[in-house]
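Have a look at the structure below, then the notes.
The values are calculated or read from the model by the stated rules, or taken from the named source; none is laboratory data. Keep in mind that what you see is a predicted model, and the values were worked out from it rather than measured. FYI the Cβ positions are ideal-geometry reconstructions off the backbone, even for glycines, and counts take in every protein chain you see. Just so you know, the surface numbers come from the protein's heavy atoms only, side chains and all, with ligands and any DNA or RNA stripped out. Shrake-Rupley method; radii C 1.70, N 1.55, O 1.52, S 1.80 Å.
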Amino acid sequence: MRSSGQEEQQNNTFWQRLHIDVPLLLGILVLLFLGLFIVYSAGGQETAVVYRKARSIGVALFGMFLVAQIPPLVYRKWAVPVFVLGLLMLVGVLLFGHVGKGAQRWLDLGFIKFQPSEIMKLIVPIMIAWFVSQDNLPVKISTVILAFILVLLPTLLIANQPDLGTSLLIASSGIFVIFLAGASWKLIGVCVGLASAFVPVLWMFLMKPYQKQRVLTFLNPEQDPLGSGYHIIQSKIAIGSGGIEGKGWLQGTQSQLEFLPERHTDFIFSVFSEEFGLIGVAALLSVYLFVVMRGLWIAVNAQHAFTKLLAGSLTLTFFVYVFVNIGMVSGLLPVVGVPLPLVSYGGTSMVTLMLGFGILMAISTHRRFHV
Amino acid sequence: MPPRRVVIRNQSAEANLFARRTFIAFAGVVLVLLILFGNVYNLQVESFEKYQTRSNSNRIKLLAVAPNRGLIYDRNGVLLADNKPVYSLEVIAEDVEDITSSIIQVSQLLDISPDRQSKFFKSMKRKRRFKPVELHSRLSDQQVALFSVNQHKFPGIFVSARLKRNYPFSDLTTHSLGYVARINRKDANRLAREDKSENYAATYAIGKRGIEKYYENMLHGTIGHQEVEINNQGRVIRTLSYTPPVPGKDLTLTLDIELQMIAKRALSGKRGAIVAMDPRTGGILAMYSNPSYDGNLFVHGISTKNYKKLLDSKDLPLINRSVQSGYPPASTVKPFLALTGLEENIVTPSTTINDRGWYQLKGLPNKYRDWKPWGHGKVDLVRAIEQSCNIYFYDLAFKLGITKISTMMERFGFGDYTGIDIHEENKAIMPSVAWKRERFNQSWYTGETLSVGIGQSFWTVTPLQLTQALTTLVNHGERKVPHLLKAKSELIIESSGKTTHQNTPIIYEPRAPLKLKDDSHWNVVLEAMHSTVQKFGATAHKPFKGTTYDASGKTGSAQVARLKQGEEYDAKTTSENQRDNAMFIAFAPFDKPEIVVAVAIENVAKGGGATNAAPVARQIMDQYFGDRVITSQAHKVNISAKANKKVSSPIATTPQEAD
C-alpha cells in the first residue's frame, strides 16, 4: 500500500512539475481525437481537413501547456488592465473591424487578424472572479450589480457585431462567477425576472432580422423546409436516422451526401449521432460529463476564492458550449453559432477553450498560491 | 497600485458556500445532460422510423427515363420520322456566381441573341434556383464544340442532349404525319385525366396532329426508372437500380414517299389536294395537300412570327385539304348518281334523252344549262358519263328526288367521317331535306335537286371521301376503311436478354358492304368511267393518251361563284378565289384496280377537271405503274406503240405486294 502510494505521489509530482492535470488531459485528448475521426467523415473524407485540424490541436495543446505554467496569481494581477484593453479592442472592432460572413468580428492589426471576442471568453471570467473575490463571499448585492455591469459591457459589444453565440458564452461565464460566489437566490430570482422582461426589448430593438428569423425557424422549422428551416430539419433527420447503433463511421448518408449543412463545424454532432447512434451519443456525453466533473473537482479543491470562481466558471462555460451546440442541432434551441467544444473543426474557438483548460491546469497544479 | 484592502477571510465558510454552489451547478449539468440525452433518445429511438424514411427519401430519387419515340416508315421502309439528338444550353442559377455577367459572356462566346437572353432571364425568375433553365434550345455542332472547350469558365452552365423528333421530308409529310411539340398545359391536363401523367414524367413532346397524335399511345412507349442516390445538389452519386424504358412501337405507313413527291411536284404552285388509295385494302398510298408546311418548326417551338405567317397565309397551308376541305364534287359524282338511277329503276343503260343545251322544269322560268351551249344531242347513260352531260343528270336527279340521292350517297360515305386514322377530318356536306331544315330552317327546292344532280348546290366532299366512294364503286360495294397505318413493330425483349423486332400488320375489318339489287349495275357505271378515259373524244381521253395501265376516271369542274341566270362564266374576269375548281377521280387498271386517285385543284385559271386535275392524277399513276403494261381482259384497248416497244408481252403485270 505504502509503496504504491509513494509511486503515485512521485507520478503526481512529475506531472505536477509539468503543471498538467492528467485526468483532465485524458478527457480532453479523447474528445480531440474523436474530433479528428468525425471531421474526416464530415469533411468528405478529405485528409487535408484532418491535417489542418491536427495542426490546430498541436498549437492548442502547446498553448495550453504554456498557459498552465503561469501561476494564477499573474492573472489576478493583470485582470483589470487586460479587461480594459479587451474592451478597447471590441470598440476597435466596432469602428474598424473586418467584415466576414455578414458579421464584424475580426480586428486586423496589419500583421495578425484575430477576434478580440475570443480572448474575452477568458478575460471576462478572470475579471469578474477578481472583482467578486475582493470581498468575503457570499457577494453583496452592490458587488453583484457592479459585476453585472462589467459582464454586460463586453456582452453587448459582441452581440452588436453580431455574434450571439459568443456574447451568450461570455455572459454566462460572468454569471457563473456571480452564481458560484453565492449571490442570494432572491437576487437570482429577480435577475431571471428582469431577463424575461428584457426579451421583448431584445426582440423589438436589438435583434437583427436574421437572428429573428433563426428564432422563428426554431419555433417552427417545417414552415420553410427548403429555406431557413432546412438546416435544422436535415440535422434532425441525420440524428434520428442514426437509430440506436448508428449507420457506421463514414456511412452516414445525410452527411456523406451533403444534406447536412456546416457538417464539420456547428453540425458535427449530427454527423456523429448519425454514424454512431444513441450508443455513441451516450459515450460522448459521458466524456463531457467526465471533463466537467474533473473541472469542478479542480474548482472545489482550489485554494482561493479567485481560483475557485475562475475554475468553476471556465468549466461551466465549457459545458454551456456542449448544451447550446447539442440543443441547437437537435432542435431544442434556436440556431446560434456555437461549436461542439473540442470536436468541431475550427481553430480559433478550440485554441481559446484549450487556453481555458491551461488555466484550469495551472489552478490545479500551482498549489502554493498565496494571497 | 493602491494599497490593497486587507480582507479577513473565513476560508472554510467560503469553501463550504462554494462547494454547495458547485454541487447545485453540477446537478444542473447532469439535469441538462439528461434533457439532451432524452431528446436524442426521442429522435433516435421513438421517431427512428420517421427519420429513417425521411433520410431515405432525401437521398434516393426515382429518376424517370423517357422512352424513345417509335419511328415512322413509309410502305417501302423509308424513314419518315426519326429522333435526332439536339443540344441545348442550360443554366442552374444556384451554381453560377455572377449570373448576369456569366450569361453575357457565354452569349458573346456562342453568339446567342439578346432575344434568347431576355427570354432566359424571364423564365429564370419563374423557376427554382437549383432547377436548370434553358438558354439556347438548339446549339449547332460548332457552338457545342466551342462551349466544351470553354466550359471550365462557366460553372453552372452546361450542354444537355435530348432526342428530338425530326421529319426528314419536312413539308412533304406534315399533313399526314402531323408533328410532335412541347407538352402544354392542356395536354398535361388531358394526360392527368387519362391517368397517363406518370408515363409522361420524362417526356418532352407529344403528338399534336396527324399520325403522331392518333397513334400517340403506340409511339410513346413506357417510361423507365432509375433509382439513384443523390447528394444535396441533386447530383447522382450512384445508381441503385434501373428499369429500362420500353421504346414506342415503330409504325409503317401505307404511304409511298415517292408518290408523295410526285404529288407535291404535280401540285406545285397550285392550291389543292391529292389522295391515292389502294382499293384492295383502303391503305392510302399518297395524301398530299398543297401548300404544306414544315412540321419540324413546331418540334422546336415555332416562333410567333413564323406561326403568324402560317396562320395569315391566304393559301391556308395549315389546312390538310385532302381531309379538311369540302369541295363541290361537280361532275365527279355523276357515276354515283347514274348508279343510283339504275338502282332505283329510274333509268336503264339504254335510256336516252335529247340534250339541246338546257333543261327547264315545267312551269318555272329558270333554265339549267349544259356546259356545252348547243347540247350533246341524243345521249344515253354511258355517253352522259363520257361526255359529262349535265342535262341527262338534271333529268335523272329530278326523277330521283333529293331523298333517294342523299340516302344512296350517304351509303357511299358522303357527308360523314371516313374514319381515317388522323383526327383532322371534315364531314363535308351531303345535303338532304332534313339537313336543310336543320341548317337553314328552310324547305327543299326542286331546283336544288337539279344542282345536286351535277354535284353542286350545298354538296361538298373531301378528296378522301371521293377516294373512299370510288373504292366502294370499283369493289362492287365492298367497303374498306381508309387508313395510313400498315404495320406496327415492337421490340420484344426475351428472358434471355435477346431482343427481336416483332412486326405486326394491322388488320382492318371491312365495313358492311353496299348491296345493289342488280349486281350488273356496277359494271355499267365502271365501264362508262373506263370509256371516259379510253374512248377518243370522251372528256378524260386526252390527259391519259399513251398510258399503259388501262385507267378509268371522271372529270369535274365545280363552279365556285354563283352565276345569275343568263350570266356567263369567264375565268379571266372572275377574281382568283371565285374561279372554278378542277376535280378528277380515277382508278386503274380496269380489271382488279390497284389504285384509286382523287384530285382537287382550287380556282384554276383556265379549263376544268380534264385539263387541270386529270394530268395530276396521271402523274401519280404513271409513277405507280412505272413501265408495267396492263390491258383489260374484256376490252380492246389501244396501247401506244411506244409502250409496246418497251415491253414485249402485251400483258405484263407485276403483282404488287398487297397490304
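Quick notes on this structure:
- Surface/4 estimate of mean projected area, convex hull on alpha-carbon atoms of segment B:110-177, nm²: 6.7
- With the simple spin-label model, which puts each label point 7 Å out from Cα in the Cβ direction, the B:PHE23 to A:GLN45 separation comes to 5.2 nm.
- Area projected by the alpha carbon convex hull of segment B:1-143, averaged over all directions, nm²: 24.0
- The relative contact order of segment B:1-149, computed from alpha carbon pairs under 8 Å that lie at least 6 residues apart in sequence, is 20 percent.
- D by Stokes-Einstein for the protein assembly as shown, Kirkwood Rh over Cα pairs, 20 °C, 1.002 mPa s: 58 µm²/s.
- With R₀ fixed at 60 Å, the C-beta to C-beta distance from B:HIS152 to A:LEU29 puts the FRET efficiency at about 0.85.
- The overall shape of segment A:226-275, judged from the alpha-carbon gyration tensor, is prolate: a/c is not under 1.5, and a/b is greater than b/c.
- Accessible surface of the protein assembly as shown, 1.4 Å probe, proportion on carbon and sulfur as whole %: 57
- Legend: distances between Cα atoms for B:LYS488/B:LYS545; B:LYS535/B:LYS606; A:LYS212/A:LYS236; A:LYS121/A:LYS247; B:LYS270/B:LYS488; pairs beyond 29 Å are B:LYS488/B:LYS545; A:LYS121/A:LYS247; B:LYS270/B:LYS488.
- Averaging 1/r over every pair of different alpha carbons in chain A and inverting the result gives a Kirkwood radius of 21.6 Å.
- Taking Lys and Arg as +1 and Asp and Glu as -1, the other residues whose beta-carbon sits under 11 Å from that of B:THR407 total -1.
- Extension gain, B:ARG356 to B:ASP141: 0.36 nm times the residue separation minus the Cα-Cα distance gives 70.2 nm.
- Pairwise centroid distance, computed over Cα atoms, of segment B:212-273 with segment B:45-98, Å: 16
- Distance in nm between pseudo-label sites at A:THR13 and B:THR611 (7 Å out along the Cβ direction from Cα): 13.6
- Taking a Cβ cut-off of under 14 Å around A:ALA181, the surrounding Lys, Arg, Asp and Glu residues balance to a net charge of +3, with basic ones at +1 and acidic ones at -1.
- Accessible area expressed per residue, segment A:21-102, with surrounding protein chains retained (probe 1.4 Å, Å²): 52
- Interface size, chains B and A: roughly 4500 Å² of accessible area buried, both sides included, 1.4 Å probe, rounded to the nearest 100.
- Percent breakdown of C-alpha pair distances by 10 Å bin, ordered from the shortest bin, for segment B:381-528: 10, 30, 30, 15, 7, 5, 3, 0
- Residue pairs, from the table B:LYS186/B:LYS314; B:LYS186/B:LYS309; B:LYS404/B:LYS515; B:LYS186/B:LYS213; B:LYS213/B:LYS486, whose Cα atoms sit over 19 Å apart: B:LYS186/B:LYS314; B:LYS186/B:LYS309
- Cβ-derived FRET efficiency at R0 30 Å, A:TRP249 paired with B:LYS127, nearest 0.05: 0.20
- Full extension of the chain segment joining B:ASP315 with B:ARG437 gains 40.7 nm, where the gain is 0.36 nm per residue of separation less the Cα-Cα distance.
- From its DSSP helices (H runs of at least four residues, each -39,500 (n - 2.57)), the protein assembly as shown gives a residue-normalised ellipticity at 222 nm of -15000 deg cm²/dmol.
- Built from the Cα atoms of segment A:272-350, the convex hull projects on average onto 6.0 nm², one quarter of its surface area.
- Kirkwood Rh and Cα Rg combined as Rg over Rh, evaluated for segment B:63-253: 1.00
- The radius of gyration of the Cα set in chain B, together with its Dmax, comes out at 37.3, 154 angstrom.
- Reciprocal of mean inverse Cα separation for segment B:206-358 (Kirkwood radius, Å): 21.1
- Semi-axes of the equivalent ellipsoid for segment A:75-207, computed as √(5λ) from the eigenvalues of its C-alpha gyration tensor and ordered from largest down, come to 27, 20, 9 Å.
- Cα-based radius of gyration of segment A:204-293 once divided by 2.2 N^0.38 Å, which approximates compact folds: 1.24
- The long axis of helix B:48-59 is offset from the longest Cα principal axis of chain B by roughly 60 degrees.
- Computing FRET efficiency as 1/(1 + (r/R0)^6) for A:PHE198 and B:ALA201, where r is the C-beta to C-beta distance and R0 is 56 Å, gives about 0.55.
- Amide H contacts of B:THR254 (H built 1.01 Å from N, in plane; Pro and chain starts excluded): B:ILE284, B:LEU485, B:LYS486 sit under 5 Å, all sequence-distant by 5 or more or on other chains.
- Ellipsoid equivalent to segment B:188-295 - semi-axes via the Cα gyration tensor, in Å: 42, 16, 14
- Taken along its three principal axes, the alpha carbon spread of segment B:430-472 comes to 33, 20, 14 Å, from the longest extent down to the shortest.
- Relative to the longest principal axis of the Cα atoms of chain B, the long axis of helix B:520-534 makes an angle of roughly 90 degrees.
- The chymotrypsin sites (Phe, Trp or Tyr not before Pro) found in segment A:149-229 include none that occupy coil by DSSP while having at most 16 further C-beta atoms within 10 Å.
- Most fluctuating residue given options A:GLY280, A:GLY189, A:GLY27, as computed from a GNM of chain A linking Cα atoms under 10 Å: A:GLY189
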